Amino acid sequence: MRSLGRLVRGLSALFWGLPIGLVVSVYVATNDWARATHMMAPVIALALLFYGLHQLSDFQKQERIWREALDRAKLLAFVNVGLSPFIYWNNRLPTETFFGVAVLLLMVTGLLFLFNLNHVLQRLAAMLPDETLRTETRVFGNLNLSLLTAILVLFALFFILQRFNNLPDSLERILSVMRILHHWLLVFLILLPMAMTMTLIWKIKEVIFASVFSYQD
């Protein structure tokens with residue numbers, strides 16, 4: 001019961017931490033009047049995700065595959081926390097290349113975190129006694145993994161194409177628009193896999209609640 005309680009708390013932290021982390025990060029990154037105190041907002045929001053994964057660590061410690069998936073996600077969550085202050089610093093000093101590279105790295109590690117979080121949810125659902133949940137988590141989790149892979153490939157192509165000269169005019173215009181809107185484009189593309197990830201987290205938490213109450217009955 002103690003491990004199930006921590007599991008539910010961890011899933012709740014992940015459910016709320018995902019949208020809060022995205023909204024807070026975009027707010028600090030795009031507002032010109034962001035203050036120094038706002039620098040801690042992304043740190044706290046992304047630390048909530050690390051806390052959520054830490055709470056999950058107490059569940060089924062003997063399962064090696066589950067532990068490996070969880071440890072990968074925790075490592076990426078820790079890296080995200082460490083990179084989050086650069087969101088504010090890049091806002092204040094947008095011409096500083098180092099800050100821009102750090103924010104770009106945060107975008108990549110953020111996508112990788114969401115990618116690995118879906119692996120964690122699939123492993124967790126496989127250990128729960130609900131075949132419908134396992135099927136839904138497998139189907140929607142694989143869809144999420146495909147979408148996130150496509151997003152990573154798209155942005156990799158974007159940064160590779162920027163290194164070339166004498167591109168066709170139509171492609172150059174597309175790249176010009178992406179240079180201006182790449183932050184918002186990433187947010188738009190990530191909304192669908194994030195929403196599906198949150199749905200899976202909520203379903204898993206509901207199954208755990210139902211199992212606890214049925215056990216008590």
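The values are calculated or read from the model by the stated rules, or taken from the named source; none is laboratory data. These numbers come from a predicted model, not from an experiment. Every residue, glycine among them, receives a Cβ derived from its backbone with ideal geometry; neighbour counts consider all protein chains shown.
I'm trying to understand the selection: among the residues of the range 100-132, which are modelled with pLDDT under 90 and of a type outside the set (A, V, I, L, M)? Result: Gly100, Pro129, Asp130, Glu131, Thr132. The listed residues are Ile87, Ile65, and the only one of them that is modelled with pLDDT of 85 or more and farther than 16 Å from Val120 by Cα turns out to be Ile87. Restricting attention to the range 6-24, the residues being over 12 Å from the mean Cα position of the chain (by Cα) and within 11 Å of Ile87 (Cβ to Cβ) number 1.
Among residues that are within 27 Å of Val24 (Cα to Cα) and either modelled with pLDDT under 75 or among the acidic types (Asp, Glu) (or both), Arg163 is not included. Scanning the range 23-42 for residues that are surrounded by fewer than 18 Cβ atoms within 10 Å (Cβ to Cβ) and in a helix (DSSP H, G or I) yields Val23, Val26, Tyr27, Thr30, Ala36, Thr37, His38, Met40. Only residues that are closer than 15 Å to Val24 by Cα and among the polar types (S, T, N, Q) were counted in the range 36-89, giving 3.
Scanning the range 26-47 for residues that are over 18 Å from Met198 (Cα atoms) and small (Gly, Ala, Ser) yields Ala29, Ala34, Ala36, Ala41.
Against the test of being part of a helix (DSSP H, G or I), of a type in the set (A, V, I, L, M, F, W, C) and over 13 Å from the mean Cα position of the chain (by Cα), the options Ala69, Ala77 yield a single qualifying residue, Ala69. Scan the range 90-113 and report the pairs whose first residue is under 15 Å from Ala29 (Cα atoms) and whose second residue is among the acidic types (Asp, Glu), with Cβ atoms within less than 9 Å and a gap of 6+ or a chain change. Listed by first residue and then by second, the contacts come to Asn90/Glu96; Asn91/Asp32.
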